[in-house]
Amino acid sequence: MKDLVNSRLAVAIHILSLIAANPGKQITSDYIAGSVNTNPVVIRRIMSMLKKAGILKTRAGVAGTALARNPADISLLEVHKAVQAQDELFAIHEQPNPNCPIGKNIQSTLEGVFFDAQRALENELANKSVEDILQHLFP
């Protein structure tokens, strides 16, 4: 997988979509890994994050997992928060040259721009659900 950090949200949505599209079936991490084309360990790690966030549920001794709620009740923002680091989406490089007219002002200038961009992303994700993804996959 190219970049796990940048693709974690997409992989989590892929996992949830597979599970939601196959209600009542025992969808294993090996099966999901085949669909995602990655290692089952990566899938289990992300599934663990989703379970911890209350999005997935599992039963001890039983292969497979299920959604903890209806797909329409799981927002993509909730999924994002479950699998992404809680750091800001955009990072500003530290210690630019304070003697440079750009360097001394770039951090404060970018903070507002990046904050607005992150809010826009979060608002968009909050307005989309796993059910919306399924509607696009199976029109």
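The values are calculated or read from the model by the stated rules, or taken from the named source; none is laboratory data. Everything numeric here is computed off the predicted structure, so don't read it as measured data. Here the Cβ positions follow ideal geometry from the backbone for every residue, glycine too, while neighbour counts run over all protein chains shown. Surface areas here come from the heavy atoms of the whole protein model, side chains and all, with no ligands, DNA or RNA. Shrake-Rupley method; radii C 1.70, N 1.55, O 1.52, S 1.80 Å.
Summed over region 11-32, the residues that are modelled with pLDDT of 95 or more and either more than 21 Å from Glu78 (Cα to Cα) or loosely packed, with under 12 Cβ neighbours inside 10 Å (or both) give a count of 0. Whether any residue in region 92-112 is under 16 Å from Leu18 (Cα atoms) and free of Cβ contacts under 8 Å to residues at least 60 places away in the same chain is what I want to check. No, region 92-112 contains no residue that is under 16 Å from Leu18 (Cα atoms) and free of Cβ contacts under 8 Å to residues at least 60 places away in the same chain. Within region 37-53, being within 14 Å of the chain's Cα centre (by Cα) and open to solvent by less than 40 Å² (accessible area, probe 1.4 Å) holds for Val42, Ile43, Ile46, Met47, Leu50.
Quickly run through region 118-138 and pick out the residues that are in a helix (DSSP H, G or I), more than 30 Å from His93 (Cα to Cα) and open to solvent by less than 60 Å² (accessible area, probe 1.4 Å).
Going through region 118-138, the residues in a helix (DSSP H, G or I) turn out to be 118-126, 130-137.
Within this subset, residues satisfying the condition of being more than 30 Å from His93 (Cα to Cα) are 130-137.
Within region 118-138, Val130, Glu131, Asp132, Ile133, Leu134 qualify.
Residues in region 46-64 that are modelled with pLDDT under 95 and either within 23 Å of His136 (Cα to Cα) or basic (Lys, Arg) (or both): Lys57, Arg59.
Considering only helices (runs of 4 or more DSSP H) fully contained in region 11-117, which possess at least 1 residues that are among the basic types (Lys, Arg) and in contact with a helix residue (DSSP H, G or I) (Cβ under 8 Å, 6 or more places away or on another chain)? Give the derivation first.
Numbers: elements: 29-36, 40-52, 76-83.
Fully inside region 11-117 and qualifying: 40-52.
Can you confirm whether region 110-127 contains a residue that is at pLDDT 95 or above and touching a strand residue (DSSP E or B) at 6+ places or on another chain (Cβ under 7 Å)? The answer is yes; a qualifying residue exists.
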